[in-house]
Amino acid sequence: MAVGAVIAFFVTKHMFEKQIKENPPINEKMIRAMYMQMGRKPSEAQIRAIMKSMGQ
């Protein structure tokens, strides 16, 4: 019973991490929209820096 729970935990964790990697919660369009709402035009370097910092 406990072995099944451990296996289920790791399988679920792996599937969740795969979903997050394939469908990140925030993408570049969302970052651009956030900057535009603040009245700024973001540079590509700023967007890449934010995406990199979120990936860590």
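The values are calculated or read from the model by the stated rules, or taken from the named source; none is laboratory data. Since this is a predicted model, take the numbers as computed values, not measurements. Cβ atoms come from the backbone with ideal geometry, glycine included; neighbour counts cover every protein chain shown. For the accessible areas, the whole protein counts, side chains as well, though only heavy atoms, and no ligand, DNA or RNA atoms are used. Shrake-Rupley method; radii C 1.70, N 1.55, O 1.52, S 1.80 Å.
Observations, loosely collected:
- Heavy-atom accessible surface of the chain, averaged per residue, reaches 91 Å², computed with a 1.4 Å probe.
- Counting only lysines at least 8 places from Lys13 when in the same chain, those with an alpha carbon closer than 17 Å to its own are Lys21.
- About the Cα centre, charge dipole magnitude for the chain (Lys/Arg +1, Asp/Glu -1 at Cβ), debye: 220 debye
- Accessible surface of the chain [probe 1.4 Å, protein heavy atoms]: carbon and sulfur percent: 66 percent
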